[in-house]
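The values are calculated or read from the model by the stated rules, or taken from the named source; none is laboratory data. No experiment lies behind these values; they were computed from the predicted model shown. Every residue, glycine as well, gets a Cβ built from its backbone with ideal geometry; the counts of neighbours run over all protein chains shown. Calculation scope for accessible area: heavy atoms of the full protein, side chains included, ligands and nucleic acids excluded. Shrake-Rupley method; radii C 1.70, N 1.55, O 1.52, S 1.80 Å.
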Amino acid sequence: MPAPISVIVPTLNAETTLSGCLEALMEGVDAGLIAELVVSDGGSTDDTTTLADAWGAGIVTGPASRGGQLRRGVAAARAEWFLVIHADTCLAPGWTEAVVPHLARREAGYFKLGFDRGGRLVAAWANLRARLFGLPYGDQGLLIRRDHYARVGGYAEIPLMEDVAMSRALRGALMQLDAVAVTRADKYRRQGWVRRGTRNLWSLLRYFAGVSPDKLAERYRRS
(Lines give C-alpha, C1' and ligand atoms only; values in the text may rest on other atoms or scores of the structure.)
Protein backbone atom coordinates (compact mmCIF):
# COMPACT_ATOMS: atom_id res chain seq x y z
CA MET A 1 0.00 0.00 0.00
CA PRO A 2 1.44 3.43 -0.90
CA ALA A 3 2.38 5.81 1.91
CA PRO A 4 -0.69 7.95 2.68
CA ILE A 5 0.78 11.37 3.59
CA SER A 6 2.26 14.26 1.66
CA VAL A 7 4.09 16.73 3.92
CA ILE A 8 3.90 20.41 2.95
CA VAL A 9 6.31 22.91 4.52
CA PRO A 10 6.10 26.66 3.71
CA THR A 11 9.50 28.37 3.88
CA LEU A 12 11.09 31.79 3.73
CA ASN A 13 14.78 32.01 4.70
CA ALA A 14 14.44 28.92 6.87
CA GLU A 15 17.88 27.37 6.48
CA THR A 16 18.56 27.45 10.25
CA THR A 17 15.37 25.58 11.20
CA LEU A 18 14.40 23.40 8.24
CA SER A 19 16.73 20.48 8.96
CA GLY A 20 15.35 20.05 12.49
CA CYS A 21 11.81 20.00 11.13
CA LEU A 22 12.67 17.41 8.50
CA GLU A 23 14.70 15.22 10.85
CA ALA A 24 11.64 14.89 13.09
CA LEU A 25 9.61 13.76 10.09
CA MET A 26 11.93 10.80 9.45
CA GLU A 27 9.94 8.87 12.04
CA GLY A 28 7.05 9.01 9.58
CA VAL A 29 9.25 7.87 6.70
CA ASP A 30 10.46 4.89 8.73
CA ALA A 31 6.85 4.04 9.62
CA GLY A 32 5.85 4.04 5.95
CA LEU A 33 3.53 7.03 6.39
CA ILE A 34 5.20 9.74 4.31
CA ALA A 35 5.07 9.52 0.54
CA GLU A 36 6.71 12.84 -0.28
CA LEU A 37 7.87 16.18 1.02
CA VAL A 38 6.86 19.41 -0.69
CA VAL A 39 8.61 22.64 0.26
CA SER A 40 6.72 25.75 -0.85
CA ASP A 41 9.22 28.60 -0.83
CA GLY A 42 8.39 32.29 -0.83
CA GLY A 43 11.60 33.60 -2.37
CA SER A 44 14.30 32.69 0.14
CA THR A 45 17.63 34.48 -0.27
CA ASP A 46 19.56 32.02 1.90
CA ASP A 47 20.22 28.31 1.29
CA THR A 48 16.71 27.10 2.13
CA THR A 49 15.93 25.66 -1.29
CA THR A 50 19.39 24.10 -1.62
CA LEU A 51 18.85 22.39 1.73
CA ALA A 52 15.35 21.27 0.75
CA ASP A 53 16.70 19.79 -2.48
CA ALA A 54 19.39 17.92 -0.53
CA TRP A 55 16.63 16.38 1.60
CA GLY A 56 14.89 15.18 -1.57
CA ALA A 57 11.96 17.58 -1.36
CA GLY A 58 9.89 18.69 -4.28
CA ILE A 59 10.15 22.48 -4.41
CA VAL A 60 7.54 24.97 -5.58
CA THR A 61 8.18 28.70 -5.56
CA GLY A 62 6.15 31.88 -5.69
CA PRO A 63 5.51 35.16 -3.86
CA ALA A 64 5.97 35.24 -0.08
CA SER A 65 2.49 34.81 1.36
CA ARG A 66 1.73 32.03 3.82
CA GLY A 67 -1.72 31.30 2.39
CA GLY A 68 -0.51 31.39 -1.19
CA GLN A 69 2.52 29.25 -0.41
CA LEU A 70 0.39 26.64 1.31
CA ARG A 71 -2.12 26.62 -1.51
CA ARG A 72 0.65 26.07 -4.07
CA GLY A 73 2.30 23.42 -1.94
CA VAL A 74 -0.88 21.42 -1.47
CA ALA A 75 -1.66 21.70 -5.19
CA ALA A 76 1.66 19.96 -5.91
CA ALA A 77 1.05 17.15 -3.39
CA ARG A 78 -0.17 13.72 -4.52
CA ALA A 79 -1.05 11.63 -1.46
CA GLU A 80 -4.43 10.98 0.17
CA TRP A 81 -3.59 12.99 3.30
CA PHE A 82 -1.79 16.32 3.68
CA LEU A 83 0.37 17.12 6.71
CA VAL A 84 1.12 20.85 6.83
CA ILE A 85 3.85 21.93 9.22
CA HIS A 86 5.96 25.07 9.67
CA ALA A 87 9.70 24.98 9.10
CA ASP A 88 10.44 26.11 12.67
CA THR A 89 8.36 23.31 14.20
CA CYS A 90 9.45 19.76 15.07
CA LEU A 91 7.04 16.95 15.82
CA ALA A 92 7.98 15.34 19.13
CA PRO A 93 9.14 11.69 19.11
CA GLY A 94 6.25 9.25 19.03
CA TRP A 95 4.03 11.44 16.85
CA THR A 96 3.33 8.59 14.44
CA GLU A 97 1.56 6.67 17.21
CA ALA A 98 -1.11 9.37 17.24
CA VAL A 99 -1.27 9.80 13.48
CA VAL A 100 -1.71 6.14 12.47
CA PRO A 101 -5.11 5.61 14.17
CA HIS A 102 -6.28 9.04 13.02
CA LEU A 103 -5.93 8.00 9.38
CA ALA A 104 -9.02 5.81 9.84
CA ARG A 105 -11.07 8.89 10.71
CA ARG A 106 -12.49 11.61 8.47
CA GLU A 107 -11.85 14.63 10.69
CA ALA A 108 -8.84 16.87 10.25
CA GLY A 109 -6.31 16.82 13.09
CA TYR A 110 -3.84 19.16 14.75
CA PHE A 111 -1.13 18.71 17.38
CA LYS A 112 -0.73 20.00 20.90
CA LEU A 113 1.55 23.02 20.99
CA GLY A 114 4.83 23.13 22.87
CA PHE A 115 7.85 25.44 22.78
CA ASP A 116 11.51 24.48 22.67
CA ARG A 117 12.31 26.88 25.54
CA GLY A 118 9.79 28.08 28.13
CA GLY A 119 6.34 29.31 27.25
CA ARG A 120 4.34 26.71 29.19
CA LEU A 121 1.52 29.15 29.97
CA VAL A 122 1.34 30.40 26.38
CA ALA A 123 1.24 26.83 25.10
CA ALA A 124 -1.44 25.90 27.64
CA TRP A 125 -3.58 28.84 26.50
CA ALA A 126 -3.10 27.91 22.82
CA ASN A 127 -4.13 24.32 23.46
CA LEU A 128 -7.16 25.44 25.49
CA ARG A 129 -8.18 27.90 22.75
CA ALA A 130 -7.89 25.16 20.16
CA ARG A 131 -10.05 22.73 22.14
CA LEU A 132 -12.72 25.18 23.31
CA PHE A 133 -13.04 27.36 20.22
CA GLY A 134 -11.72 25.12 17.45
CA LEU A 135 -8.94 27.57 16.60
CA PRO A 136 -5.54 25.92 16.40
CA TYR A 137 -2.89 28.08 14.76
CA GLY A 138 -0.56 27.02 11.98
CA ASP A 139 2.30 26.17 14.32
CA GLN A 140 0.15 23.31 15.64
CA GLY A 141 0.22 21.69 12.21
CA LEU A 142 -2.70 20.35 10.21
CA LEU A 143 -3.43 16.78 9.08
CA ILE A 144 -6.27 16.67 6.57
CA ARG A 145 -7.64 14.32 3.93
CA ARG A 146 -7.40 15.44 0.33
CA ASP A 147 -11.17 15.30 -0.23
CA HIS A 148 -11.87 17.18 3.01
CA TYR A 149 -9.41 19.91 2.01
CA ALA A 150 -11.15 20.24 -1.36
CA ARG A 151 -14.61 20.46 0.24
CA VAL A 152 -13.67 23.44 2.41
CA GLY A 153 -12.00 25.25 -0.49
CA GLY A 154 -8.39 24.89 0.62
CA TYR A 155 -6.19 27.57 2.12
CA ALA A 156 -7.23 31.12 1.44
CA GLU A 157 -4.61 32.97 -0.59
CA ILE A 158 -4.02 35.63 2.06
CA PRO A 159 -0.75 36.79 3.68
CA LEU A 160 -1.89 36.30 7.28
CA MET A 161 -4.63 34.45 9.19
CA GLU A 162 -4.77 31.66 6.63
CA ASP A 163 -4.59 29.20 9.53
CA VAL A 164 -7.51 30.84 11.33
CA ALA A 165 -9.56 30.90 8.12
CA MET A 166 -8.89 27.19 7.66
CA SER A 167 -9.77 26.38 11.28
CA ARG A 168 -13.08 28.23 10.92
CA ALA A 169 -13.85 26.33 7.71
CA LEU A 170 -13.15 23.05 9.53
CA ARG A 171 -15.22 23.89 12.61
CA GLY A 172 -16.84 20.76 13.99
CA ALA A 173 -14.55 18.46 11.99
CA LEU A 174 -11.23 19.18 13.68
CA MET A 175 -9.69 17.22 16.55
CA GLN A 176 -6.56 17.36 18.67
CA LEU A 177 -4.01 14.58 18.23
CA ASP A 178 -2.25 13.14 21.24
CA ALA A 179 1.19 14.32 20.12
CA VAL A 180 3.15 17.57 20.43
CA ALA A 181 4.38 20.02 17.82
CA VAL A 182 7.38 21.81 19.33
CA THR A 183 7.89 25.24 17.81
CA ARG A 184 10.81 27.63 18.20
CA ALA A 185 10.31 30.26 20.90
CA ASP A 186 12.79 32.75 19.39
CA LYS A 187 10.23 35.42 18.45
CA TYR A 188 8.50 35.21 21.81
CA ARG A 189 11.77 35.44 23.71
CA ARG A 190 13.00 38.32 21.59
CA GLN A 191 9.77 40.35 21.75
CA GLY A 192 8.58 39.19 25.17
CA TRP A 193 6.04 36.47 25.88
CA VAL A 194 3.30 38.84 27.02
CA ARG A 195 3.88 41.38 24.27
CA ARG A 196 3.95 38.76 21.52
CA GLY A 197 0.92 36.92 22.89
CA THR A 198 -1.05 40.14 23.27
CA ARG A 199 -0.21 41.19 19.74
CA ASN A 200 -1.34 37.83 18.36
CA LEU A 201 -4.63 38.05 20.27
CA TRP A 202 -5.20 41.63 19.09
CA SER A 203 -4.57 40.60 15.47
CA LEU A 204 -7.08 37.75 15.87
CA LEU A 205 -9.74 40.06 17.27
CA ARG A 206 -9.19 42.59 14.49
CA TYR A 207 -9.49 39.83 11.91
CA PHE A 208 -12.79 38.70 13.43
CA ALA A 209 -13.92 42.34 13.36
CA GLY A 210 -13.40 42.44 9.60
CA VAL A 211 -9.95 44.01 9.17
CA SER A 212 -8.42 42.67 5.97
CA PRO A 213 -5.51 40.19 6.20
CA ASP A 214 -3.48 42.51 3.96
CA LYS A 215 -3.72 45.33 6.50
CA LEU A 216 -2.99 42.97 9.36
CA ALA A 217 0.05 41.61 7.53
CA GLU A 218 1.36 45.11 6.85
CA ARG A 219 1.16 46.02 10.52
CA TYR A 220 2.63 42.64 11.49
CA ARG A 221 5.69 43.25 9.31
CA ARG A 222 6.20 46.76 10.69
CA SER A 223 6.13 45.53 14.28
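Figures for the structure shown
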{"read-out": "For L128: the one exception among (1) touching a residue at least 40 places away in the same chain (Cβ under 8 Å); (2) assigned to a helix (DSSP H, G or I)", "value": "(1)"}
{"read-out": "Matching residues in the stretch 26-41 - criterion: being open to solvent by less than 10 Å² (accessible area, probe 1.4 Å) and within 15 Å of the chain's Cα centre (by Cα)", "value": "V38, V39, S40, D41"}
{"read-out": "Filter pass, A165 being surrounded by 18 or more Cβ atoms within 10 Å (Cβ to Cβ), assigned to a helix (DSSP H, G or I) and either touching a Gly at 6+ places or on another chain (Cβ under 9 Å) or hydroxyl-bearing (S, T, Y) (or both)", "value": "yes"}
{"read-out": "Hey, E157 open to solvent by 70 Å² or more (accessible area, probe 1.4 Å), charged (D, E, K, R), more than 20 Å from T17 (Cβ to Cβ) and touching a residue at least 24 places away in the same chain (Cβ under 8 Å) or not", "value": "yes"}
{"read-out": "Condition met for L132 (over 20 Å from I8 (Cα atoms), of a type outside the set (D, E, K, R) and surrounded by fewer than 20 Cβ atoms within 10 Å (Cβ to Cβ))", "value": "yes"}
{"read-out": "Tally of residues being over 14 Å from R66 (Cβ atoms), among the aliphatic types (A, V, I, L, M), open to solvent by less than 70 Å² (accessible area, probe 1.4 Å) and assigned to a helix (DSSP H, G or I) across the stretch 196-223", "value": "1"}
{"read-out": "Residue in the stretch 139-152 that is at positive phi, in a loop (DSSP other than H, G, I, E, B) and crowded, with 18+ Cβ neighbours inside 10 Å present", "value": "yes"}
{"read-out": "Identity of the residue in the stretch 55-93, closer than 16 Å to V29 by Cα and without any contact (Cβ under 8 Å) to a residue 40 or more places away in the chain, that ends up least open to solvent (accessible area, probe 1.4 Å)", "value": "G58"}
{"read-out": "Filter result (assigned to a loop (DSSP other than H, G, I, E, B) and either among the β-branched types (V, I, T) or without any contact (Cβ under 8 Å) to a residue 60 or more places away in the chain (or both)) within the stretch 174-195", "value": "G192"}
{"read-out": "Matching option when the condition is of a type in the set (F, W, Y) and open to solvent by 10 Å² or more (accessible area, probe 1.4 Å), among F115, F111", "value": "F115"}
{"read-out": "Answer from A98, A104, A179 - the residue that is open to solvent by 60 Å² or more (accessible area, probe 1.4 Å), of a type in the set (G, A, S) and within 19 Å of S6 (Cα to Cα)", "value": "A104"}
